[in-house]
Amino acid sequence: MIQSMTGFGKHTLQLPNKKITIELKSLNSKNLDLNARMPSAYRQKELLMRKTIADSLLRGKIDFGLYVESTGGETSSEINKAVVLNYMDQLKSIAEGDSIKLLEMALRMPDALKTEKEDIDELEYKAIEEVLEVALKEVVTFRSEEGAVLEKDFIQRIKEISKLLQKVDLMDPERIGTIRARLDKAVGELKAEIDQNRFEQELIYYLEKFDITEEKVRLANHLDYFLKTLNSKDSNGKKLGFIGQEIGREINTIGSKANYAPMQKLVVQMKDELEKIKEQMLNVL
């Protein structure tokens, strides 16, 4: 069963003094493109979290956010008094001003606040891992639901191409007869003596150049293979894309050999269905 690369997952962890929210957004991409946003204190675990996400989502443009909201009285930031007082003294030497005003200005200066670097508690990280797994499952579920919609659309369009191919097959004898009659008429208008046996040989050679039997067989096989791959256990968008290219190649060859307007109309319809498949294929995992 195929999966879409579009997905969303969000889950929240409530700790005694903080609330941690993990959010994942996924869009289509040829490879894995993971963008991570998190507080600096959690960067030490970033590589581990990236690996967990990559192992689960495999491919796509992934936006990963880890947001921390303090809900307790504790804070890791303190006013750097010595630095702030030094800034205030320098400001006083430049211009007279109210102490409150100078303090406000000093607090905006670099290093006015000092933040103690915290190590993540292993129990806290284990809880974060569990929340991340829940958010990843939500993304996978979302992807599977989107994939089911895409699969239904693909099956419908592949079946439509198959029906058009059947019409091409039924039309083929009429096409060959029309081409032969056209050639007979052209030769008849020459008003010259011709070797009938030689003419028949040349005609057979000419008609063989317009034969599409192999293309019809290969196209039918590619359509069948597409449906089988669609129903395989794993989602494989790249493989389906390759099969789609082969389908397109056979349709194009039939069109170039047709030399018959009614058949070329059917070819245009097949191309239209295939183009819609290719557009949606960009979003398949």
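Using the structure shown, decide if E129 is surrounded by fewer than 13 Cβ atoms within 10 Å (Cβ to Cβ) and outside any loop (DSSP other than H, G, I, E, B). No, not satisfied.
Taken over the stretch 263-284, the criterion of being more than 18 Å from L227 (Cβ to Cβ) and outside any helix (DSSP H, G or I) is satisfied by L282, N283. Among the residues of the stretch 22-44, is there at least one that is assigned to a strand (DSSP E or B), at pLDDT 85 or above and among the basic types (K, R)? Scanning the stretch 22-44, I find at least one residue that is assigned to a strand (DSSP E or B), at pLDDT 85 or above and among the basic types (K, R), so the answer is yes. Kindly indicate whether any position in the stretch 75-92 is closer than 23 Å to R37 by Cα, charged (D, E, K, R) and modelled with pLDDT of 80 or more. The answer is no, given that none of the residues of the stretch 75-92 is closer than 23 Å to R37 by Cα, charged (D, E, K, R) and modelled with pLDDT of 80 or more. With respect to T229, is the statement that it is of a type in the set (S, T, N, Q), more than 29 Å from E151 (Cα to Cα) and either assigned by TED's automatic domain parsing to the domain that holds I179 or out of contact with any Leu (no Cβ under 6 Å at 6 or more places or on another chain) (or both) true? No: the conditions fail for T229. Screening N86 on (1) part of a helix (DSSP H, G or I); (2) polar (S, T, N, Q); (3) under 26 Å from the mean Cα position of the chain (by Cα) shows it passes everything except condition (3). With respect to the conditions (1) out of contact with any Phe, Trp or Tyr (no Cβ under 9 Å at 6 or more places or on another chain); (2) part of a helix (DSSP H, G or I); (3) not β-branched (V, I, T), M49 lacks only one, and its number is (1).
The values are calculated or read from the model by the stated rules, or taken from the named source; none is laboratory data. Model, not experiment: these values are computed from the prediction. Positions of Cβ are backbone-derived with ideal geometry, glycine not excepted, and every protein chain shown enters the neighbour counts.
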